[in-house]
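Each remark here refers to the structure printed beneath this line.
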Amino acid sequence: PLKHRYYLDGVLYPILNGKGAQLPSLPHPEGERNGTGKLTPVNSKTDRGAQDSWTSTQHSASNGGRNGSRPKTAAELPPEPPEVVRALARADLLPAIYFMFSRRAVEEAADSCRRLNLLPYSQTAEVRRLTQEKLRDLPNEDRTLPQVERLLTLLPKGIGFHHAGLLPPLKTLVEELLAGGQLKVVFATDTLALGINVPARSVVVGELTKFDGQIRRPLSPSEYRQLTGRAGRRGMDAVGYSVLIHTPWVGLDRAVEIATGEVAPLESAFRPGYSTVLNLQQQTSDEDRLAQIIAGSLRQFQEGGRLRKLAEERDEIQAILATLTDDCPVCGNPAHWLEQEKMLKREQERAESALEAAHADEAILEERLSAWPWQHGKNERKQWIRSASPGTLVYSRQHGWMAFLGPAREGVGSFFSRDGIVSLATYGELHYLPNPPFHMPLPESVSSRAGLVDWVADDLSEREANTMAEALQTLELPDLEAQSLEMRAAARAENAEAIRKLDERIAAAEARRQEAARALAQNPYRSCPHRPLHRRTERDRRHYSSLLVETTHELDLARKDASRKAYRTLRSLRSVLERFGYLSGEKATRKAGMLMRLFDSNGLIISELLDWGVLAGLSGAELAEVASWFAFDRDGAGRPLAITERLARVRAAADTIGRQVLEIERRSGVDLSHPLPADFRGVALGWANGSSLTDLSQRSGLAEGDIVFALQKTIDLCRQIAQAAAHSRTPSAVTTAREAERLLRRGVVDSYYRWVVGQVSDS
């Protein structure tokens with residue numbers, strides 16, 4: 001059982017009677033008189049039985065008509081933590097967990113109690129011994145961290161703090177000391193309320209508001225119940241105590257609502273992933289059996305008020321639809337003509353689409369038939385320029401046959417043509433490269449200068465130009481333009497049937513479009529004077545019909561059990577797996593061997609990286625870095641650290657694959673994968689290359705505990721990648737992933753990882 005207390009002005013007041021109702025005499029902390037205007041303090045003898053007695057004078061909560069809009073005085077502000085802890089000690093309500101909702105607030109609150117000594121001397125020495133023993137797991141450079149030094153000062157006094165940013169050995173130490181009764185108060189974030197069996201005699205809810213990522217809001221009754229569930233030591237306390245702190249921002253009435261409000265029903269957090277489906281697929285290919293297995297882990301839909309509300313909505317919509325009749329004396333049945341109009345418009349749109357497609361195909365064919373017959377790639381033209389000697393002939397559609405003279409200051413080279421010396425700007429101007437090559441003899445005075453970059457600056461003499469022009473004219477060279485026309489005509493003759501069919505397609509699509517346009521013009525609805533009214537009525541009918549379908553469908557889903565949801569989940573996951581080639585029909589493909597061994601929520605992205613060979617050739621440290629991107633899941637990624645150029649390319653590939661996976665999941669109705677943290681980079685690479693935890697924390701701006709947590713998860717992912725890589729196109733990644741794990745497993749990361757694995761094995 002839980003007893004609720006409200007702390008105000010040094011006194012712990014009971015705010016509920018034995019039946020759970022609010023006592024009528026309690027005023028608001030702001031001073032509004034209610035009944036007697038007084039709170040009744042807890043009586044140490046009658047309320048706590050055999051507990052040590054403590055006394056307190058009754059305090060009036062009246063503050064002389066203070067206005068909440070004025071700045072708060074010191075007496076109105078929330079009490080300081082040492083004041084509350086002293087009151088708990090007097091009331092024999094220690095050990096206590098004192099919850100606050102930011103890491104900084106937790107550490108500052110604990111530090112504010114450093115003048116308190118809550119432990120007898122006999123226990124102080126034992127705490128120091130246990131603390132030093134735990135610190136052996138920390139490297140020397142980490143023992144001077146601010147959080148370590150602060151805890152070393154506070155723990156022997158019976159005071160601790162606990163949050164997700166704390167180093168794992170320190171978190172473990174605080175939990176063990178609290179469980180052993182050697183800590184009297186632990187200031188903690190709400191992570192201590194989740195999954196850790198360290199109950200205390202009392203729980204202090206130090207803040208009644210919480211920032212949820214968007215706004216600061218009051219706690220919900222469910223959140224309050226989660227926190228206060230730690231109150232009461234099993235086998236030692238008959239009841240547990242929860243203490244709410246007076247705050248000028250949340251009145252007493254709201255505090256009571258938080259403490260006594262209805263708790264939202266728990267929902268299963270189980271979300272079957274791709275590896276789940278693939279592993280179950282190996283056991284059975286029967287869809288019904290697979291759905292039953294998944295449904296066994298999904299919560300049953302809670303019926304009741306929601307069902308009644310949906311049924312009422314459905315009945316109301318049906319009643320509205322029954323009133324939407326629309327007979328017209330002019331056009332008779334406007335709904336019929338409206339439907340026909342929509343059908344004809346769709347037919348007209350389809351005909352226009354068919355016409356556009358036919359014209360597009362016609363343009364493609366015409367472009368192919370009209371193309372220059374001799375096509376040379378850019379590389380082929382480049383190679384021709386490199387190997388051509390002065391006098392080698394080439395054809396340009398702009399300048400005709402030309403003799404190569406050599407390189408030019410700008411462009412691809414200099415040539416002699418019917419237009420004189422020309423310098424071509426691009427390789428694309430070389431339209432025909434004779435094979436075998438044609439040559440034209442050059443005058444000796446020209447050939448001696450050809451090939452020099454600067455020679456073009458010297459103009460040809462008139463005699464040289466005339467000699468070369470005569471030589472070019474006397475050569476018997478093919479008429480490429482005439483040959484081109486003949487070849488195009490032949491191609492057009494060969495494709496006469498394709499041209500005819502395209503003409504027929506265009507004519508048929510045009511006929512369909514015109515027929516639909518004529519039918520639309522003849523629709524009686526087009527000339528009806530009541531057309532605007534008919535349109536509004538039809539719009540309302542469509543709207544409410546859509547609502548009816550939606551509500552009926554929602555009601556039907558609500559009446560189904562978890563198996564219906566399981567079928568949908570299974571098929572959505574299968575759809576994504578088929579899209580990426582892990583399933584073919586109902587059978588697992590070769591790729592499935594990878595994904596079956598990846599249990600991370602981003603396992604599909606990791607598997608695709610393996611399949612595409614993106615992880616090939618990485619070092620162990622680099623693979624550790626890649627795995628860490630998928631391991632970090634905390635809010636606030638700090639500052640990104642430097643990574644290698646190769647890792648930058650891998651990161652770009654991971655982001656690209658991630659976007660593809662997220663888009664396919666979105667289309668398939670799957671919410672499983674998530675984007676990589678934008679600013680978390682370089683931490684695992686630094687750790688694998690020997691950087692200290694202190695250095696990484698200072699450079700990245702991340703708490704040491706967050707780094708260790710991410711690295712531990714990275715180790716687990718490296719193990720998964722090693723197992724998956726054995727079934728991939730990158731089997732070398734098996735060795736690399738094992739090397740990555742070896743590099744990560746050092747210092748506090750390895751010691752705490754071994755401790756966690758040991759705890760799991762023992763359980």
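The values are calculated or read from the model by the stated rules, or taken from the named source; none is laboratory data. On a predicted model such as this, the values are computed, not experimentally measured, just so you know. As a convention, Cβ positions derive from the backbone with ideal geometry for all residues, glycine included, and neighbour counts pool all protein chains shown. Please note that ligands, DNA and RNA were not included when accessible areas were found on the heavy atoms of the full protein model with its side chains. Shrake-Rupley method; radii C 1.70, N 1.55, O 1.52, S 1.80 Å.
Taken over the stretch 642-671, residues that are hydroxyl-bearing (Ser, Thr, Tyr) and touching a Leu at 6+ places or on another chain (Cβ under 9 Å) amount to 2. The listed residues are Arg488, Arg505, Arg512, and the only one of them that is among the basic types (Lys, Arg), assigned to a helix (DSSP H, G or I) and under 22 Å from Ala371 (Cα atoms) turns out to be Arg488. Among the conditions (1) of a type in the set (Lys, Arg); (2) surrounded by fewer than 21 Cβ atoms within 10 Å (Cβ to Cβ); (3) in contact with a helix residue (DSSP H, G or I) (Cβ under 8 Å, 6 or more places away or on another chain), Arg681 misses just one, which is (2).
From the list Ser545, Ser484, the lone residue that is modelled with pLDDT of 75 or more and either of a type in the set (A, V, I, L, M, F, W, C) or surrounded by 15 or more Cβ atoms within 10 Å (Cβ to Cβ) (or both) is Ser484.
When the stretch 199-252 is filtered for residues that are among the basic types (Lys, Arg) and modelled with pLDDT of 75 or more, the ones remaining, listed by number, are Arg201, Arg217, Arg225. Residues that are modelled with pLDDT of 90 or more, touching a Pro at 6+ places or on another chain (Cβ under 8 Å) and of a type in the set (A, V, I, L, M) are absent from the stretch 696-716 altogether.
Scanning the stretch 719-752 for residues that are in a helix (DSSP H, G or I), within 16 Å of Met594 (Cβ to Cβ) and among the basic types (Lys, Arg) yields one hit, Arg719. Looking across the stretch 466-481 at every residue that is in a helix (DSSP H, G or I) and open to solvent by less than 50 Å² (accessible area, probe 1.4 Å), the one that is nearest to Glu366 (Cα to Cα) is identified as Leu480. Among the residues of the stretch 102-159, the ones that are under 20 Å from Gly206 (Cα atoms) and in a helix (DSSP H, G or I) come to 10 in all. Residue by residue through the stretch 185-198, note down the ones that are outside any helix (DSSP H, G or I) and either at pLDDT below 75 or surrounded by 24 or more Cβ atoms within 10 Å (Cβ to Cβ) (or both). Scanning the stretch 185-198 gives Val185, Val186, Phe187, Ala188, Leu194, Gly195, Ile196, Asn197, Val198. Total residues in the stretch 691-714 satisfying the condition of being open to solvent by less than 30 Å² (accessible area, probe 1.4 Å) and in contact with a Lys or Arg (Cβ under 6 Å, 6 or more places away or on another chain): the figure is 2. Taken as a whole, the structure places Arg463 among residues that are open to solvent by 60 Å² or more (accessible area, probe 1.4 Å), among the basic types (Lys, Arg) and not in a strand (DSSP E or B). Of all residues in the stretch 365-413, those satisfying the criterion of being without any contact (Cβ under 8 Å) to a residue 60 or more places away in the chain and in a strand (DSSP E or B) are Thr392, Val394, Ser396, Gly400, Met402, Phe404, Leu405, Gly406, Gly413.
Restricted to the stretch 550-669, the set of helices (runs of 4 or more DSSP H) holding at least 3 residues that are more than 28 Å from Phe709 (Cβ to Cβ) and open to solvent by less than 50 Å² (accessible area, probe 1.4 Å) comprises 562-579. Put simply, of Leu119, Leu94, Leu177 the only residue that is modelled with pLDDT of 85 or more, open to solvent by less than 10 Å² (accessible area, probe 1.4 Å) and either touching a strand residue (DSSP E or B) at 6+ places or on another chain (Cβ under 9 Å) or more than 23 Å from Pro1 (Cβ to Cβ) (or both) is Leu177. Entry remark, the stretch 414-436: residues being open to solvent by 40 Å² or more (accessible area, probe 1.4 Å), in a loop (DSSP other than H, G, I, E, B) and not hydroxyl-bearing (Ser, Thr, Tyr) number 6 in total. Screening Ser69 with (1) part of a loop (DSSP other than H, G, I, E, B); (2) modelled with pLDDT of 80 or more; (3) open to solvent by 60 Å² or more (accessible area, probe 1.4 Å) gives one miss only, at (2).
Checked against the criterion of being aliphatic (A, V, I, L, M), within 21 Å of Glu704 (Cβ to Cβ) and open to solvent by 10 Å² or more (accessible area, probe 1.4 Å), the stretch 209-220 has no qualifying residue. Scanning the stretch 437-452 for residues that are outside any loop (DSSP other than H, G, I, E, B), open to solvent by 70 Å² or more (accessible area, probe 1.4 Å) and modelled with pLDDT under 90 yields a single hit, Glu444.
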